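Down below is the structure, laid out as structure tokens.
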Amino acid sequence: MRLFWHQLRWEQLVFWRSREAAVFVFLFPLLLFALLTAVYNGTLYGRPASWGLLAGMLGYGCANTAFAGLALLLISRRELGILKRIRATPLPTASYLTAVLGSIMIVFALQAASLFVLGRLLKSTPWPGHFLSIVLTLALGGGAFAGLGMAITGFVRSLEGSSAVLNVIVLPMAFLSGSFGTTHHYPKVLRIIGDALPLKYMLDAINSVYLHGGQLWHEWTDVAVLVGWGIAGILVAMRKFRWEPREG
Amino acid sequence: MSAIVVEELRKSYGGNEAVRGVSFRINEGEVFGLLGPNGAGKTTTVEILEGYRERDSGRVDVLGFDPARAEQEYRERIGVVLQQSQLFANLTVRETHRLFAGYYRHPRDVDEVIDLVGLGEKRDERVKTLSGGQKRRLDLGVALVGDPDLVFLDEPTTGFDPAARRAAWEMIRSLRSLGKTILLTTHYLDEAEQLADRVAVMRAGRIIREGAPAELTGDTSETEVRYRRNGQVVVVHTTDPTKLLYELTEQALAEGRELEGLTVRRPTLEDVYLALTGDDDA
């Protein structure tokens, strides 16, 4: 436990010291929210557009932080030999990975809180009504995307271009799942693809809880799909995760 | 007391047998050099001892542990400098040492270690501002911060300029005076000759020669004599240099000419090494 806290503290320091990561992972969804709410008016999902966009950016931020941010961090550490180096120390791998995961969750939690504050300041969006439900929803989504983030590292072979690869996954997913607005008018084939993506279910859950005053535990389809994706990610990660850069 | 015992160690990757029955012992407090060209199996051997690879067969005992079991207790007692690895660019030298010190139950004083590896003046600089040689010293500092009994150094001076290399050698000598056991791999002969109490030369997955550097060079009894005659370099190998030199100088004196460029050379470790590994490396 001491090692976990030690590592968590240092993970936070390393994250915030790296300006690129802090800007790209933490700030980017906040920036998008500010831009989108500046240009979209009217309503979304039966609520003011800014409310719906706030929900959309919570989902996008989750994928961007827990999935892409975590994957990038692990890939760069793997390719630089940092993961291999840490394996030679007495730090147990479980303590290490849980601390890395905990750290990225802290980043996401701060981001989500900042989104609510920013929404309040810019567009007077309401605070979430069911606090426990929204926390659980974000935690569930964060966990599922972190599992997928661990899994994707096994498929990205080098540091070069890894950031582009992850964005090619995250941005279209966010678009198809409805982070930037409703998908009702999308062509059917795009909607079908969207329906297969985990972010769609996370956004459904966020919308129900934040926009329509529901509770997470009534959205069992969303919960089941997210849990399923998360478990699938962890299973793949257990087979594909590597600690060392590819030889030569 | 042996710090490391390796018997009949074997390891294959796919169909390629990288390590083919390697045996050696390293005593406590000894600096042991594993020499050989790239692909000889040095790194595979060392990575099995460090616990990164599982062996196919053979016995390995390091400080009383089997490294394949990757116990925390074992990792408390070893320090590892990898061939290629980087650390966090945005942490300072001191922060990096503190981060790693936190992994050990009985770490050394962080500032003491930083001074030992000669980074005292860079203590509060970010890692990304360090030169290549300074980064290697940081690697070494991080390997020492847990106060290990045994230190693995995988090609610690590759890519160094001559001055940085001398400094690194001094540092490794100072480790030895602290009583650490050191397993060093290198493909620099002078490095092994300078630092190691004993060396083993590996080629194609086997140890082909083992002993103190002086012993290795001593068991080839040939001496090389060179001089120029009419502008041509003449090289003679002899097991009886006294007689040869007497004859050469007598003849030259009689003819009233100088033995230009005369050198008499005992074989160095490099000659022995090249003779041993030559046909494979070409």
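In the set A:LEU197, A:LEU211, A:LEU226, only one residue is within 21 Å of the chain's Cα centre (by Cα), crowded, with 16+ Cβ neighbours inside 10 Å and more than 17 Å from A:GLY147 (Cβ to Cβ); that residue is A:LEU211.
As a summary of the residue check, B:ASP111 satisfies the conditions (1) at pLDDT 95 or above; (2) buried (at least 16 other Cβ atoms within 10 Å of the Cβ); (3) not in a loop (DSSP other than H, G, I, E, B) except for the one numbered (2).
Going through the range B:250-275 one residue at a time, which ones are without any contact (Cβ under 8 Å) to a residue 12 or more places away in the chain and either surrounded by fewer than 13 Cβ atoms within 10 Å (Cβ to Cβ) or closer than 30 Å to B:ARG203 by Cβ (or both)? Answer for the range B:250-275, where residues must be without any contact (Cβ under 8 Å) to a residue 12 or more places away in the chain and either surrounded by fewer than 13 Cβ atoms within 10 Å (Cβ to Cβ) or closer than 30 Å to B:ARG203 by Cβ (or both): B:GLU250, B:GLN251, B:LEU253, B:ALA254, B:GLU255, B:GLY256, B:ARG257, B:GLU258, B:LEU274. Hey, can you tell me all the residues within the range B:79-99 that are more than 7 Å from chain A (Cβ to nearest Cβ), touching a Leu at 6+ places or on another chain (Cβ under 7 Å) and over 15 Å from B:LEU119 (Cβ atoms)? Of everything in the range B:79-99, just one residue is more than 7 Å from chain A (Cβ to nearest Cβ), touching a Leu at 6+ places or on another chain (Cβ under 7 Å) and over 15 Å from B:LEU119 (Cβ atoms), namely B:GLY79. When B:VAL151, B:VAL60 are checked against the criterion of being part of a strand (DSSP E or B) and under 16 Å from the mean Cα position of the chain (by Cα), a single residue qualifies: B:VAL151. Condition test on A:LEU13, is it part of a helix (DSSP H, G or I), at pLDDT 95 or above and away from chain B (no Cβ under 14 Å)? No: the conditions fail for A:LEU13. Of all residues in the range B:53-77, those that are within 14 Å of chain A (Cβ to nearest Cβ) have Cβ atoms under 6 Å from Cβ atoms of residues that are in a helix (DSSP H, G or I) and of a type outside the set (S, T, N, Q), 6 or more apart or on another chain, in B:ARG53/B:GLU47; B:GLU54/B:ALA68; B:VAL62/B:LEU49; B:PHE65/B:TYR74; B:PRO67/B:LEU49. Is at least one residue of the range B:188-197 closer than 17 Å to B:LEU274 by Cα, within 14 Å of the chain's Cα centre (by Cα) and among the hydroxyl-bearing types (Ser, Thr, Tyr)? Checked the range B:188-197: at least one residue is closer than 17 Å to B:LEU274 by Cα, within 14 Å of the chain's Cα centre (by Cα) and among the hydroxyl-bearing types (Ser, Thr, Tyr). Scanning the range B:43-81 for residues that are under 30 Å from A:ARG9 (Cα atoms) and touching a helix residue (DSSP H, G or I) at 6+ places or on another chain (Cβ under 6 Å) yields B:GLY51, B:PRO67, B:GLY79, B:VAL80, B:VAL81.
Residues considered: A:LEU101, A:LEU148. Of these, the only one that is of a type outside the set (Ser, Thr, Tyr) and either surrounded by fewer than 21 Cβ atoms within 10 Å (Cβ to Cβ) or within 14 Å of chain B (Cβ to nearest Cβ) (or both) is A:LEU101. Sort out which residues of the range B:73-86 are over 14 Å from A:GLU244 (Cα atoms), not in a strand (DSSP E or B) and not basic (Lys, Arg), and write them in order of number. Within the range B:73-86, B:GLU73, B:TYR74, B:GLU76 qualify.
For the range B:85-93, does any single residue satisfy the condition of being surrounded by 21 or more Cβ atoms within 10 Å (Cβ to Cβ), touching a Ser or Thr at 6+ places or on another chain (Cβ under 9 Å) and β-branched (Val, Ile, Thr)? Looking for residues that are surrounded by 21 or more Cβ atoms within 10 Å (Cβ to Cβ), touching a Ser or Thr at 6+ places or on another chain (Cβ under 9 Å) and β-branched (Val, Ile, Thr), one finds none in the range B:85-93, hence no. In this structure, is B:LEU138 outside any loop (DSSP other than H, G, I, E, B), within 13 Å of chain A (Cβ to nearest Cβ) and closer than 22 Å to B:SER177 by Cα? Spelling it out, B:LEU138 is indeed outside any loop (DSSP other than H, G, I, E, B), within 13 Å of chain A (Cβ to nearest Cβ) and closer than 22 Å to B:SER177 by Cα.
The values are calculated or read from the model by the stated rules, or taken from the named source; none is laboratory data. What you see is a predicted model; the values in this text were computed from it and never measured. Note: ideal-geometry Cβ built from the backbone for every residue, glycine included; neighbour counts use all protein chains shown.
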